[in-house]
Structures are given as C-alpha cells and as structure tokens.
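> Dropping the structure in here first, questions after.
The values are calculated or read from the model by the stated rules, or taken from the named source; none is laboratory data. What you are looking at is a predicted structure, and each value in this text was computed from that prediction instead of being measured. Note that we place each Cβ from the backbone using ideal geometry, even for glycine, and neighbour counts take in every protein chain shown. Surface accessibility is based on the protein's heavy atoms, side chains included, excluding ligands, DNA and RNA. Shrake-Rupley method; radii C 1.70, N 1.55, O 1.52, S 1.80 Å.
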Amino acid sequence: MPRPPVPLISIDALVTAALELVDEAGDFSLPKLARKIGVSQSSIYNHVSGRDEILELMRGRIISESPYQLHEGQGWEESLRAIVRSYRDAFARHPRLAPLMVLQTVQDPQVLALYENLAIALEEAGFLGQDVVSAISTIDSFALGFALDLAAPEVVWAPPVDGYPALSGALAQAGPSVERGEAAFDFGLEILMAGLRSRLKQALV
C-alpha cells in the first residue's frame, strides 16, 4: 500500500488530543492517545520521542495561549505580577495538567523564556545568587498551587454543623468557589510580593 501523501496526524493534533485526555481524566497514555486520534501507537513515534516530549509540548502550548507583556522601564514588582498571573491563568484552562508538570523537567523554549524573565526581574530588583533560584522556586510553587486549586471541588471544606465554628464562620463569607479562588490568589500574591520586598531589604542591609 502506498504511503499517504500527507501525514495522518500532526504534532499539533497530538497535543490537542493529549490535553483533552488530561482534562477528562487527569492523565494520558500513548495507547489511549493513539485510540483517540485513530492511529497506531507506532505512528505517534514518527512525530515525537514519547510521553515526556508530549508533556513538554503541552506545557509550551498552554503557556503560549496565556501571553504576558513586559515593558521597558517596568518595575520588578509589576513584571513579577504579570508573569505570575499569566502562569496561573495558563493552567486555568487545564488545571488537571498541573500535577503532571511538577514531575517533568522544564525544557520547552517558551516556558524557559518565562523563567528567564523571572530571573531578569529578580536580578533587577537586587536579588543575587541562590536567592534568585529560591525566589523562582517559591513563585513556581505559588502559581502551580493556585492552578491546582482551580481543579478543587466546589465544596473544599465541609465541617459538620455543630463543630468548627471559626472555620464555618469564615466559609460563610467566602462566596462562590470562583470568587473564593480569585480572592485567595490576590491575597496570596500580595503576601508573596511583601515577602520578596522584605527579603530584599534584609539582603541590602
């Protein structure tokens, strides 16, 4: 049988299908991916080296769909806020992808560029050496943590009626889950920025 004139699948189609599987089930496998797009598993290896490459391609896809803008002369805090919000928003569309990303070495050029911009903003602020990496790791955990929060159930805490009065009282004022999540993200971002400012002052003393 002659080879088809055009490929039956593309890398873009592979990434799209893999993201759909993750959205549905929280993970994917190459056999399931092959069945979803109607090809043999061996056909996938004609386009990618395996699961790890597909994961990195998914990471790159979601980051590219959530762009951020940095401007010349922009302060380090404004730059960090823009990057962190963009990173969190990237996972807002695919929150179940976040747990898979923490197990994967970052290699995608677009994502590495995001971390490069983080490093530049931190160095311009005055952070040096190990503090730059520590700050990036903290920011990374913060953004991914709130990405995971987006996949949480509608009711996160369910204390019994007759117990835990402080928690119950706080939950009564939390609002709908989306509103609660946004308020918590804004709250946490302010604390994160305040902590970085405090650390910077200590380092400069």
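> Quick one: A152 ticks every box in (1) assigned to a loop (DSSP other than H, G, I, E, B); (2) modelled with pLDDT of 90 or more; (3) of a type outside the set (V, I, T) bar one, so which box is it?
Single failed check for A152: (2).
> Something else about it: What number of residues within the range 57-86 satisfy the criterion of being small (G, A, S) and farther than 18 Å from D140 by Cα? I'd like the intermediate steps shown before the answer.
Filtering the range 57-86 down to residues small (G, A, S) leaves 60, 64, 66, 73, 75, 79, 82, 86.
Next cut, farther than 18 Å from D140 by Cα only: 73, 75.
Going through the range 57-86 one residue at a time, the tally reaches 2.
> Same structure, new question: Tell me, please, whether a residue that is within 30 Å of L21 (Cβ to Cβ), open to solvent by 80 Å² or more (accessible area, probe 1.4 Å) and outside any helix (DSSP H, G or I) can be found in the range 106-129.
yes
> Something else now. For E154, indicate whether it is surrounded by fewer than 12 Cβ atoms within 10 Å (Cβ to Cβ) and among the acidic types (D, E). Steps first, answer last, please.
Values: surrounded by fewer than 12 Cβ atoms within 10 Å (Cβ to Cβ): yes; among the acidic types (D, E): yes.
Spelling it out, E154 is indeed surrounded by fewer than 12 Cβ atoms within 10 Å (Cβ to Cβ) and among the acidic types (D, E).
> I would also like to ask the following. Would you confirm whether or not the range 10-25 contains a residue that is within 18 Å of A143 (Cα to Cα) and surrounded by fewer than 16 Cβ atoms within 10 Å (Cβ to Cβ)? Let's see the steps before the verdict.
Of the range 10-25, the ones within 18 Å of A143 (Cα to Cα) are none.
Among the residues of the range 10-25, not one is within 18 Å of A143 (Cα to Cα) and surrounded by fewer than 16 Cβ atoms within 10 Å (Cβ to Cβ), which makes the answer no.
> Test Q202 against the stated conditions and say whether it is surrounded by fewer than 14 Cβ atoms within 10 Å (Cβ to Cβ), over 19 Å from R61 (Cβ atoms) and out of contact with any strand residue (DSSP E or B) (no Cβ under 9 Å at 6 or more places or on another chain). Break it down into steps so the answer makes sense when it comes.
On the way: surrounded by fewer than 14 Cβ atoms within 10 Å (Cβ to Cβ): yes; over 19 Å from R61 (Cβ atoms): yes; out of contact with any strand residue (DSSP E or B) (no Cβ under 9 Å at 6 or more places or on another chain): yes.
Here the answer is yes, as Q202 does meet what is asked.
> Let me ask you something else. Any residue in the range 99-121 that is closer than 15 Å to A143 by Cβ sitting within a Cβ distance under 8 Å of a residue that is open to solvent by 40 Å² or more (accessible area, probe 1.4 Å) and of a type in the set (V, I, T)? List the pairs, counting only those 6 or more apart or interchain.
From residues that are closer than 15 Å to A143 by Cβ, the pairs are Y115/V106.
> Across the range 157-175, what is the total count of residues that are open to solvent by less than 80 Å² (accessible area, probe 1.4 Å) and of a type outside the set (A, V, I, L, M, F, W, C)?
Total satisfying the criteria: 6.
> Here is a further query. Would it be correct to say that A184 is at pLDDT 90 or above and loosely packed, with under 15 Cβ neighbours inside 10 Å? Quick ask: steps written out before the conclusion?
On the way: at pLDDT 90 or above: yes; loosely packed, with under 15 Cβ neighbours inside 10 Å: yes.
Here the answer is yes, as A184 does meet what is asked.
> Being at positive phi and out of contact with any helix residue (DSSP H, G or I) (no Cβ under 9 Å at 6 or more places or on another chain) narrows it down to one residue among G169, G175, G129; which is it? Walk me through how you get there before you give the answer.
Numbers: G169 fails: at positive phi; G175 fails: out of contact with any helix residue (DSSP H, G or I) (no Cβ under 9 Å at 6 or more places or on another chain).
Answer to the check: G129.
> Here's a check for you: in the range 70-103, which residue that is under 12 Å from the mean Cα position of the chain (by Cα) and outside any helix (DSSP H, G or I) is modelled with the highest pLDDT? Before the answer, list the steps.
Of the range 70-103, the ones under 12 Å from the mean Cα position of the chain (by Cα) are 83-102.
Of the ones still in play, those that are also outside any helix (DSSP H, G or I) are 93-94, 102.
On the way: R93: 87, H94: 91, V102: 86.
The residue in question is H94.
> While we're looking at this one, here's another question. Identify all residues within the range 33-50 that are part of a helix (DSSP H, G or I), without any contact (Cβ under 8 Å) to a residue 24 or more places away in the chain and out of contact with any Leu (no Cβ under 6 Å at 6 or more places or on another chain); write none if there are none.
So in the range 33-50, the residues part of a helix (DSSP H, G or I) come out as 33-37, 41-44.
Imposing the further condition that a residue be without any contact (Cβ under 8 Å) to a residue 24 or more places away in the chain reduces the set to 33-36, 41-42.
L33, A34, R35, K36, S42 - these are the residues of the range 33-50 that are part of a helix (DSSP H, G or I), without any contact (Cβ under 8 Å) to a residue 24 or more places away in the chain and out of contact with any Leu (no Cβ under 6 Å at 6 or more places or on another chain).
> Being part of a loop (DSSP other than H, G, I, E, B) and either closer than 28 Å to L144 by Cβ or at pLDDT 90 or above (or both) is the filter here, so list the residues in the range 160-181 that pass it.
Initial filter on the range 160-181 (part of a loop (DSSP other than H, G, I, E, B)): 160-164, 173-176.
Selection gives P160, Y164, Q173, A174, G175, P176.
> Any residue that is closer than 30 Å to G181 by Cα and surrounded by fewer than 12 Cβ atoms within 10 Å (Cβ to Cβ) - is there at least one of those in the range 36-58? Show your work before the answer.
Our first condition is that a residue be closer than 30 Å to G181 by Cα; within the range 36-58, this holds for 54-58.
Still in the running and surrounded by fewer than 12 Cβ atoms within 10 Å (Cβ to Cβ): none.
No, the range 36-58 contains no residue that is closer than 30 Å to G181 by Cα and surrounded by fewer than 12 Cβ atoms within 10 Å (Cβ to Cβ).
> Tell me, yes or no, whether the range 45-56 has at least one residue that is within 30 Å of L122 (Cα to Cα) and among the aliphatic types (A, V, I, L, M). Full working, then the answer.
Looking only at the range 45-56, we keep the residues that are within 30 Å of L122 (Cα to Cα), and these are 52-53, 55-56.
In the following step, the residues that additionally are among the aliphatic types (A, V, I, L, M) were identified as 55.
Within the range 45-56, one or more residues are within 30 Å of L122 (Cα to Cα) and among the aliphatic types (A, V, I, L, M).
> Can you name every residue in the range 59-84 that is polar (S, T, N, Q), without any contact (Cβ under 8 Å) to a residue 40 or more places away in the chain and open to solvent by less than 50 Å² (accessible area, probe 1.4 Å)?
Of all residues in the range 59-84, those polar (S, T, N, Q) come to 64, 66, 69, 74, 79.
Cutting the leftovers down to without any contact (Cβ under 8 Å) to a residue 40 or more places away in the chain gives us 66, 69, 74.
Selection gives S66, Q74.
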